[in-house]
Structures are given as structure tokens and as C-alpha cells.
Amino acid sequence: MGIDHRINANIAAMGLVTPTPIQERGIPSVVAGRDVLGLAQTGTGKTAAFGLPMLTRLINFGKKPDPKTCRALILAPTRELATQIATNIDAYAEGTPIRSFRVVGGASINVQMERLSRGVDVLIATPGRLIDLIERRAVDLSQTTYLVLDEADQMLDIGFIHALRLIARILPKERQTLLFSATMPKLMSELADTYLTDPVRVAVNPPGQAAKQIEQGVHFVTQGDKATLLAEYLSKHPGELAMVFGRTKHGSEKLSKLLDKWGFKVAAIHGNKSQGQRERALAAFRAGQTQILVATDVAARGLDIPEVAHVYNYDLPNVPENYVHRIGRTARAGRDGRAVAFCAPAEIGELRAIERAMKSAIPVIGGEVPPPAAASAGRGPRGRGKPIDGGANKRPARRPSRQPRSRQAKA
């Protein structure tokens, strides 16, 4: 496929020998120098799709980059995704002259400025921190000829559109640009028009659809009984990695503490955690020291942990497209996975919006669909009420804690 032999040797050692559909269809266009708009779910190998041909092109420069410059810029919406991309790029480029560097918030900007003063081949950055460095004149994008926007829909969703417009004005017009996304919101057309020139469109799956290997289901339950229901599900799969998604930082932290009290090995990542805390939590999760990771949408976007077997949507997302990203944390790299959504009466609207976005219904695997009147009555700050599944959501017998129900509802 036109990839440098040294990079080929590295990926073969990593077990990457057969290209995924996004790689098979995207790499030739990248090697040919075309702009690419890639639409594929998370976990389909997008990093290699843009990383392998990018590194091949950079190897042929033959000289070191100038001070403060970068030849290739990869933008990612979150620190975790930027870290994951940097790890993969380093692995692909091992033994070559290519040097990459990651800049994200939550880390020392002075250290980042010192490293950038020597110039880098590949700069992986979150938009906010990159703007900070640009304003401090610590980075010069005038020689950047290769640009990647990964998880572009999430960058729009969390408010980076203005930062992206500013970066676009600074970059050279003569460049190759690749834009990858799992969904295609309305603002994406504007972003594509701003960044891409006559792009090749590579759509592995229709935007907004989940990977076929993911077994999905929805379990109807009152908000106050979600914690015990989650504990039941987790108890059925001891030793298997699971991610649990909450809507808020505060709620995710309280849920993780409750699960810990009930004897589960759990960690949490969200916006109130420091960068060090988030990295330690992820390291423990990858190593299997904790089996459950409770997370919010922003903190968990782009995590690539192939061993994740289960995803639980403890709270349904307000943005329907985020559902696809959440469940994309499982069934990665061709593996199977399971995703269960807990739907309280007050969340029926969110569930239907998700199903409309995916153009398919999620199979019901538990509880009873509340009638429209019950769903309307259930709307409130916490949707408290009796279990709608006949009381099957009692706390697992092996959990010794006798926490009052009011505490469960708050969790």
C-alpha cells in the first residue's frame, strides 16, 4: 500500500497485518496526496489510516524540522485521545528519525514550550492548549504541510469550532488535510469546507451507526434503582473490563464511590480530575487492576482499550451522537462487545432521539416500556419511583452495604 518498509516492520511486530476497511480504502488516497473525509466508527483503525501514510511521507524530508515548527499537526478533542494517538504514532515510527510530541492542558506549558523550541516532526495537540502555545509564540505552523482532525464531531460538540477556525487561518493553504469523524452533524459541512480541498470521501459505515459487533440492549428502570441494577450486571461478568457512562462529573464521582463501597474495583475519570489522576486511573484500568471505569463523555472520548467487553449507559446522553461514541469503547479492533443502556421514565425522549439518529431501534432486554403518561410523570431532577421491572433490581446479595435508598437515588 506504499508504506515505508521500516514502518511496515513495526506494525507487523504489533500484529497489524490485515488492513481494516477504513485503512484499505483511505491509505491509498492519503499516499496519493489527496485530502480525505473519513467516516467510520471508533475502534476501526483510523489512527493507522492516517498515521502510516503520514509517517511515510515525513520520512522522506531528509532533514530535521526548524525550531518551533512542526511538519504534521494532529488535533484531537481530549487529552486521553491525544495521548492514545501519540502512543500509536511512536510505536509506528520506532527506529525512524521521526519524533512526535504531545501537548495537552493540565501539563506544564513551560515544559511544552521548551520542547517545541527544538521543533518536532509530528505535533499531537488539543485545540485549547495549541491556541495557548500559538499566543505565546511557542509554535510556528507556517511549515505544517500535513493536518489531521480526529474525532472532529466531538471537537464541534464541546465548543472548539472557534479555535478550529483560528487554527485554519494560520495554517498554510498548501497542505494535505484529513478529517475523521464517526458522525456527521450539520456543522461538519462547514468544517469540511473550511479545511478540505476536493476531498476523497471514505465512508465505511453510514454516519451515526454503531459497529455490527456490538450487541446492544436497553433496560427500563427508575432512576433511583439504576445503581443496584448496574451492580447486578457487573456481578454477572467478574474479571471483565467495563465502562460506565454518567452525564455529570459529580454524579460519576458519586457512582464510582458507591460501587467501590459495594466491593467493586472501580476508578473514575472526568473533568474534575487532574491530568495525573486521569492517567493513573487509565493505567490501572488497562492493567486490569480495576475492572470498572466510570466516565463522562468528554473525559472518555477516544479511549482505545481493546479489552473493554461491556459499556453501560448509566445516564443516556443529551446529544444522540454521543451514544455511538460511548458504545464504540467496546468491540474494538474486530472484537465482540456488549452495550446496555439504562433508561429511566424521564429519559424516553433521549432514547427515541438516539434511535432516530441511528435509524434503528435498540432491543429491549429488561424492564417494561413506561406508557407515555408514566414517562411524562417521571420527568424531574432524579426520576425517583418504584422499580418498573417487578423489583428485580435489589442490591446483589453479596454486597454487604446497607446504604439507605435515598443515597442510592442520589448516586
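Here are the numbers:
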| item | result |
| --- | --- |
| Residues satisfying the stated conditions in segment 144-174, i.e. touching a Phe, Trp or Tyr at 6+ places or on another chain (Cβ under 7 Å) and surrounded by fewer than 17 Cβ atoms within 10 Å (Cβ to Cβ) | ALA168 |
| Test: residue in segment 47-63 that is crowded, with 19+ Cβ neighbours inside 10 Å, assigned to a loop (DSSP other than H, G, I, E, B) and not assigned by TED's automatic domain parsing to the domain that holds VAL311 | no |
| Of all residues making up segment 3-53, the number that are farther than 24 Å from ARG335 by Cβ and in contact with a Lys or Arg (Cβ under 6 Å, 6 or more places away or on another chain) | 1 |
| For GLY106: the one exception among (1) over 16 Å from the mean Cα position of the chain (by Cα); (2) in a helix (DSSP H, G or I) | (2) |
| Checking ALA138 against (1) buried (at least 22 other Cβ atoms within 10 Å of the Cβ); (2) assigned to a loop (DSSP other than H, G, I, E, B), the condition it does not meet | (1) |
| Pairs where the first residue, in segment 177-195, is assigned to a helix (DSSP H, G or I) and the second is of a type in the set (Val, Ile, Thr), C-beta under 8 Å, 6+ apart | LEU187/ILE161; LEU191/ILE161; TYR195/THR177 |
| Total residues in segment 1-46, condition part of a loop (DSSP other than H, G, I, E, B) and farther than 22 Å from ILE305 by Cβ | 8 |
| Selection from segment 239-251 of residues that are under 19 Å from the mean Cα position of the chain (by Cα) and of a type outside the set (Ser, Thr, Tyr) | LEU241, ALA242, MET243, VAL244, PHE245, GLY246, ARG247, LYS249 |
| Test for GLU114: is it in contact with a Gly (Cβ under 7 Å, 6 or more places away or on another chain) and among the acidic types (Asp, Glu) | no |
| Residue match in segment 368-377 (condition: modelled with pLDDT under 50 and either closer than 19 Å to PRO317 by Cα or among the hydroxyl-bearing types (Ser, Thr, Tyr) (or both)) | yes |
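Residue by residue, here is whether (1) at pLDDT below 95; (2) not hydrophobic (A, V, I, L, M, F, W, C) holds:
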residue	(1), (2)
GLY15	yes, yes
LEU37	yes, no
ALA40	yes, no
GLY43	yes, yes
LYS46	yes, yes
PHE61	yes, no
LYS68	no, yes
ARG71	no, yes
LEU75	no, no
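Okay, residues lined up against (1) under 17 Å from the mean Cα position of the chain (by Cα); (2) assigned to a loop (DSSP other than H, G, I, E, B); (3) assigned by TED's automatic domain parsing to the domain that holds GLU80:
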| site | (1), (2), (3) |
| --- | --- |
| HIS237 | no, yes, no |
| GLU253 | no, no, no |
| LEU258 | no, no, no |
| ALA268 | yes, no, no |
| GLY271 | yes, yes, no |
| ARG280 | no, no, no |
| GLY288 | no, yes, no |
| PRO306 | yes, yes, no |
| VAL311 | yes, no, no |
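The values are calculated or read from the model by the stated rules, or taken from the named source; none is laboratory data. Nothing here was measured: the structure is a model prediction, and the numbers come from that model. Quick reminder, even Gly has a Cβ in these numbers, built from the backbone with ideal geometry, and neighbours come from all protein chains shown.
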